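*Asks:* I'd like to ask you about the structure that follows.
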Amino acid sequence: WIGAPADGFDVFSIGAVDGDGNRAEFSSIGPTADGRTKPILMAKGQGSTIADDGEGVTFGSGTSFSSPIMAGMTACLMQAYPNKTPGEIMESLKDSGNNSGSPDNYMGWGIPDFMQAFSILTIIENDDIYFRDLVNVFPNPFSRHLDMFVLYKNSGRLKYRLSDNVGKHILSGETDVRPGQVVSLSHGIDKLGDGVYFLQITMGNHTEVEKVFKVN
């Protein structure tokens with residue numbers, strides 16, 4: 001079970017995973033004595049590459065290695081956003097975690113995606129609910145898949161509709177998303193003919209249409 005000081009309020013407690021992203025058996029689990037979810041995030045702590053004063057570079061295991069890995073990456077994020085508070089940095093990392101949808105006392109919010117955290121912090125630079133585009137669509141031109149990177153500040157319901165250049169419906173759907181999430185459209189995309197298509201995206205009261213190009 002998790003203990004002091006990792007169980008403290010506002011302590012950025014880091015668990016350990018192996019190279020496949022599975023929790024290491026030695027990594028402490030929560031909750032804290034008062035019921036809070038711990039650990040917060042996970043980083044590689046089993047079979048980690050470490051410096052050794054006798055052998056140069058070797059491998060080691062322990063949360064003593066996952067924690068400094070997370071600390072170094074987080075320091076880079078804080079350098080990129082010096083005006084953000086430690087709490088804001090931590091929240092962006094939690095939101096980017098691969099377990100953020102259902103945090104638990106084994107993996108916390110999961111393994112963070114620092115590129116997503118960087119993008120989330122970019123999105124919340126101002127206090128507006130709506131920040132420029134709803135999504136960034138890529139690749140464009142596309143071939144086998146079409147991805148939407150969510151720029152909208154708040155979590156919510158994203159609706160999409162892909163049509164050809166004469167308005168014929170190709171595919172549509174909707175899903176719950178959070179800032180920085182990538183929604184991938186792949187089913188049947190590779191079978192589309194070359195040409196111009198239009199992707200309509202709606203979140204809340206905002207709608208935008210992106211022109212995209214299919215090439216084989």
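*Asks:* Using helices alone, I'd like the mean residue ellipticity at 222 nm for the chain: each DSSP H run of four-plus residues gives -39500 (n - 2.57), total over residue count, nearest 500.
*Replies:* Estimated from H runs of four or more residues: -5500 deg cm²/dmol.
*Asks:* Can you give the relative contact order of the range 14-123 as a percent, counting alpha carbon pairs under 8 Å and 6+ residues apart?
*Replies:* Relative contact order for the range 14-123 comes out at 28 percent.
*Asks:* Treat each spin label as a single point 7 Å out from the Cα along the C-beta direction, and report the Ile29 to Val196 distance in nm.
*Replies:* Spacing of the two 7 Å Cα→Cβ label points: 5.7 nm.
*Asks:* What fraction of the DSSP beta bridges in the range 135-214 is antiparallel, stated in percent and rounded to the nearest 5?
*Replies:* 95 percent
*Asks:* Between the range 144-205 and the range 73-123, what is the separation of their alpha carbon centroids in Å?
*Replies:* Spelled out, the Cα-based centre of one part sits 25 Å from the other.
*Asks:* Another question, then. What percent does the relative contact order of the chain come to when contacts are Cα pairs within less than 8 Å and at least six residues apart?
*Replies:* Values: 446 pairs, mean separation 31.0, N = 216.
It rounds to 14 percent for the chain.
*Asks:* Work from the charge dipole of the range 21-61 (Cβ charges, +1 for Lys and Arg, -1 for Asp and Glu, about the Cα centre) and give the residue of Phe59, Gln46, Gly35 farthest towards its positive end.
*Replies:* The residue sitting most towards the positive pole is Gly35.
*Asks:* Moving on. Here are some pairs, Lys191/Lys211; Lys168/Lys214; Lys38/Lys159; which of them have Cα atoms lying more than 24 Å apart in this structure?
*Replies:* Those over the limit are Lys38/Lys159.
*Asks:* Sticking with this one: Report the relative contact order of the range 135-214, percent, no decimals, based on alpha-carbon pairs under 8 angstrom and at least 6 residues apart.
*Replies:* 34 percent.
*Asks:* Roughly how tilted is helix 114-123, in degrees to the nearest 10 and between 0 and 90, from the longest Cα axis of the chain?
*Replies:* 60 degrees
*Asks:* Within 10 Å, count the other beta carbons around each residue, average over each peptide in 3-9, 198-204, and list them highest first.
*Replies:* 198-204, 3-9
Coordinate-derived values only; no laboratory data. Because the structure is predicted, anything quoted here is derived from the model rather than measured. Virtual Cβ from ideal backbone geometry, glycine too; neighbours counted across all protein chains shown.
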